[in-house]
Every structure is written in structure tokens, then in C-alpha cells.
Amino acid sequence: MNLYEHIKKEDKEVFDSIEGEQKRQKEGLELIPSENYTSAAVMEAMGSILTNKYSEGYAKKRYYGGQEFIDQIELLAIERAKKLFGVPHANVQPYSGSPANLAVYLATCNPGDTVMGLNLPDGGHLTHGWKVSATAMFYKSVPYHVSEDGRVDIDEIWQLAKEHKPKLIWTGATAYPFVYEYEKFAEIADAVGAFLAADIAHVAGLVVAGAHPSPVAHAHIVSTTTHKTLRGPRGGMIMATAKGLAKDAELGQKIDKAVFPGLQGGPHDHQTAAIAIALKEAATPEFAAYGKQIVANAKALAETLKKNGLKLVANGTENHLLLVDLVPVFGPGGGIFASEALEAAHMTVNKNTIPKDPSSPFYPSGIRLGTPALTTRGMKESDMKKVGEWIARGVHAVASYKLPEAKEARGPYIEKFKADLAANAEIKTIREEVRAFSKTFPLPEEE
Ligand code: DSN
């Protein structure tokens, strides 16, 4: 069946791009650790007639009529989220992770209050108070960091928290190959009277699968996206824990008010339905096995990369993602050579900073990769061995390139590198091997 027959008839330009992307997803290896493939059921909900409806407000308290079925859907999503994560309050309306996190600020802080989060180049997220984000413009951001070994520096967090008395502390990250130490963060937040918000966007699917500790007993608030390891549609959720309601009995209402009318208008009802479906899927034994397989695959991939001469931050991984330290291969700033070479070989990763990066966030010295999407396609540890070998070969195939120190020389050098890449015989060979291999693992929509 052609899933996009109406688009094909009506808008050839958009159709061609979708078709191109579909082919790219099928014939390549998606290794960006925040990406995944949703089920066909989730995609159907995203393409459903629910997109036609406006429903500002919350179930039974809407500003528009015609909400009988929308209320059912939103309540279903809320109840499933509460049950799955073991929390007394859930809001499923945030459009995505960044709006969800902004709502957490609005619910817990006044403008100008002090907040703490992991520094972006150390693996944190923009919305945890990075300087160019609204969260650092409207709040006083005091970032904490990781130590040389890549783990969050708990001693530094203690010292900063005592000195700055933050109203809100974030735990969670986007490029962190360790398990999160929620208890240690809770001790600090409780000692200084701060709200502790756990952003579990990256690990939510692992948490529900029992493949990563849950923050629910330790944090007051849990925020997440729904499209990463949780394998739902793009979207966000905010949950208040029992501990959170014990600290502030109004916390649930404050979160709801922050999302609507504080930050958003009408919820995306098609997205809410898709979230409800994803939460149902995530409650199954198959999903628990999936979450555990993600971590097993990440560990297998780490071992192969190391065996093939690549250095990893943390010397491995405790979750779904890996950070490759490319300084031994390219010197500082070489993430771009690896990410471009791998993309040319049909393996998508992203360039990323490493702890204490000797270069800059724009020219970082590492790449970040992960196994959630490949695991959804059914790959196992033996497949990770092949994938790891292709990655290592791809990186070594361009190991002679070095980022020029002079900034003005970088653009032309990278253009030349890309032109060379197009003619690189080893990259071409890997691409053909990867393409043939990828095509043997169907996308969920094809099953
Ligand atoms: N863009 C997400 C990631 O890749 O980790 C974070 O929001």
C-alpha cells in the first residue's frame, strides 16, 4: 500500500521529499540516540482527523464544544502515563520537550530565580539553563559540570547549591553515557529546599522497561519527550510525583496552568492520541524486552568500537548512548569529519562535544550515537558487531584530516573534505555493505 497516495496526487514536491526520507530511513542506520521509529499505530494517530479539533483547557473544562471524544483520549493518555511511571499527576499536552521544560520553570520559579542544570557542552540540554536559551534569559542559571571521567561532579553541585540556593535543580542530560544518580541529586535538592526536576527524555523508555533506575521516588517533577526511547510521537509530558505533591500540594495544578494557559494554546489532539497508544505499547512485556535490548546493544557496540581502535568517554556505556572521543584520531574538533564520513556511508550520527572538549560546540571533538532506533528494527548484539566495524572503518578512512586552527581556513578545508569524501573508495564500499544490510531490517510501518 502506498501510505502517501493523496500527497502524491496533490503535492508532488512534498511527496518526493517524504519518499526520499523514507528511503534514507530504510537504507541507512539511524544511530542518533534521540531518534526512533514509531509503530504504525502511532503514525496512524498522528495522521488522523484529530488534527482538525481545537480543545483549549483540560478534560471536562474546555473552552470549546465538541470535546466528548477528545476528553476520552486525553484522560486515557493521562491515566496510562500515571500508571506506567507510578505518579499521581500527569500532563500530556506539552508540544515537545522544550515547552515541557519551560512549563516546569513557570510552575516552580519566578523570573530571576536561580536554577541549576548540567552545562550544555558537558552533555546538558539547552532548556536546563544554557546561556542562549530563554531559560537562562529569564532565570539566573548556575550550570554544573562533569569531571574528567565524564560523570557529573556531585561535589561541585553540593558546593554550588549551598552557595546559590537554587529554586530548581535539573537532573538529566542529552549526551551522558552513565546511569543518573537520582538519590544524590535528591539529597542536594532537599538540603537546599529546591525542586528537583528529572528530565528523562533520553531514558524514559529504559525507565519503563526496568533498564534504568526511575527518578520517581527522588524527584518532585519528571519531564520527558515521548519520541525517543519511549518510541511515541514527537511530544512531551510533565509528571508530578508523590514527593512533589508532598512538597507542594498545588504542584499538579501549577504544572497544568503553566502548560495552558501559561505557555500553550490548543493541545495537539492527534499527538495526544498517539501518546496514549505509545504508552499502551510501552506497558507490554515486549517493550520491557526492547528496553533491555537497547542497553545490551549499546554495550555490544561499545565493545566493538573499542576493539577497533576508538576511544569512548566512560570507556563504554551504562545506557543507550555512546560518546566517541575522537581527539586521538583527528586532534581537537574532528567530530565533523567522522559524522560526515559516516553519513556518506549511510550511518547517521551527530557530532558532539566530549567532556572538557578541547575545541568548541560548533566544532566538537566527538560523535554521539545510540541504539534505540536500530533495536526497534530488530537488531541484536551480533548485528552491533557489524555496525561497530563499519563505524570504525568509516572513521579510520578519513583519519588523515585535521581541523585547521585558523578559523577562516576551516570552511574551505571542510568543503574540500566533502568533495574528497564523494570519491573515497572505502566509504563507497562501506555504504554498499550498510545499504544491503539495512534493507534486511524492515521499518515498523512495513510490518
Ligand atoms: N535534540 C535532543 C537530542 O538529540 O538529544 C534533545 O532535545
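The values are calculated or read from the model by the stated rules, or taken from the named source; none is laboratory data. The model shown is predicted, which means the values in this text are computed figures rather than measured ones. Neighbour counts run over all protein chains shown; Cβ positions are idealised from the backbone, glycine included. Just the protein is used for accessible areas: all its heavy atoms, side chains included, with ligands, DNA and RNA removed. Shrake-Rupley method; radii C 1.70, N 1.55, O 1.52, S 1.80 Å.
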Flagged in segment 302-358 as part of a strand (DSSP E or B) and open to solvent by less than 30 Å² (accessible area, probe 1.4 Å), in numbering order, are Leu312, Leu321, Leu322, Leu323, Val324, Asp325, Met347, Thr348, Asn352
Practice task
Report yes if some residue within segment 31-39 is in contact with a helix residue (DSSP H, G or I) (Cβ under 9 Å, 6 or more places away or on another chain), within 16 Å of the ligand (Cβ to nearest atom), among the small types (Gly, Ala, Ser) and closer than 28 Å to Ala217 by Cβ; otherwise report no.
Solution key: yes
Only one of (1) within 16 Å of the ligand (Cβ to nearest atom); (2) open to solvent by less than 10 Å² (accessible area, probe 1.4 Å); (3) touching a helix residue (DSSP H, G or I) at 6+ places or on another chain (Cβ under 9 Å); (4) not hydrophobic (A, V, I, L, M, F, W, C) does not apply to Ser98, and that is (2)
For the structure I just gave you, tell me whether Ala298 is within 28 Å of Met46 (Cα to Cα), part of a helix (DSSP H, G or I) and open to solvent by less than 50 Å² (accessible area, probe 1.4 Å). no
Of (1) within 16 Å of Ile200 (Cα to Cα); (2) open to solvent by 30 Å² or more (accessible area, probe 1.4 Å); (3) touching a Pro at 6+ places or on another chain (Cβ under 9 Å), Met237 satisfies every one except (2)
>> If I filter segment 361-372 for residues that are of a type in the set (A, V, I, L, M), open to solvent by less than 20 Å² (accessible area, probe 1.4 Å), in a strand (DSSP E or B) and under 26 Å from Glu281 (Cβ atoms), do I get at least one hit?
In response: yes
Across segment 128-151, the tally of residues that are closer than 15 Å to Thr108 by Cβ and in contact with a strand residue (DSSP E or B) (Cβ under 8 Å, 6 or more places away or on another chain) stands at 6
- prompt: Scanning for something among the acidic types (Asp, Glu), open to solvent by 20 Å² or more (accessible area, probe 1.4 Å) and modelled with pLDDT of 95 or more, does segment 286-294 turn up at least one residue?
  reply: yes
Considering segment 76-97, residues that are of a type in the set (A, V, I, L, M) and in a loop (DSSP other than H, G, I, E, B), and then whichever is farthest from Thr224 (Cα to Cα), we arrive at Val87
Of the residues in segment 52-67, those that are in a loop (DSSP other than H, G, I, E, B) and open to solvent by less than 50 Å² (accessible area, probe 1.4 Å) come to Ser55, Glu56, Ala59, Gln67
Wholly inside segment 188-271, strands (runs of 3 or more DSSP E) that include 2 or more residues that are over 30 Å from Asn52 (Cβ atoms) and in contact with a helix residue (DSSP H, G or I) (Cβ under 9 Å, 6 or more places away or on another chain) are 195-199, 221-225
Of the residues in segment 218-228, those that are within 15 Å of the ligand (Cβ to nearest atom) and either touching a Lys or Arg at 6+ places or on another chain (Cβ under 9 Å) or more than 13 Å from Gly172 (Cβ to Cβ) (or both) number 3
Note: among Ile70, Ile49, Ile32, Ile7, just one is aliphatic (A, V, I, L, M) and open to solvent by 70 Å² or more (accessible area, probe 1.4 Å), namely Ile49
Reported set for segment 140-169 where residues are among the aliphatic types (A, V, I, L, M) and over 15 Å from Gly129 (Cα atoms) is Val146, Val152, Ile154
Being in contact with a His (Cβ under 9 Å, 6 or more places away or on another chain), closer than 25 Å to Ala217 by Cβ and away from the ligand (no atom under 16 Å from the Cβ), is that true of even one residue in segment 110-129?
yes
In segment 159-176, anything closer than 13 Å to Val142 by Cα and assigned to a loop (DSSP other than H, G, I, E, B) is listed as Lys165, Pro166, Lys167
Trp390 passes all but one of the listed conditions (1) under 18 Å from Leu301 (Cβ atoms); (2) among the hydrophobic types (A, V, I, L, M, F, W, C); (3) without any contact (Cβ under 8 Å) to a residue 40 or more places away in the chain; the exception is number (3)
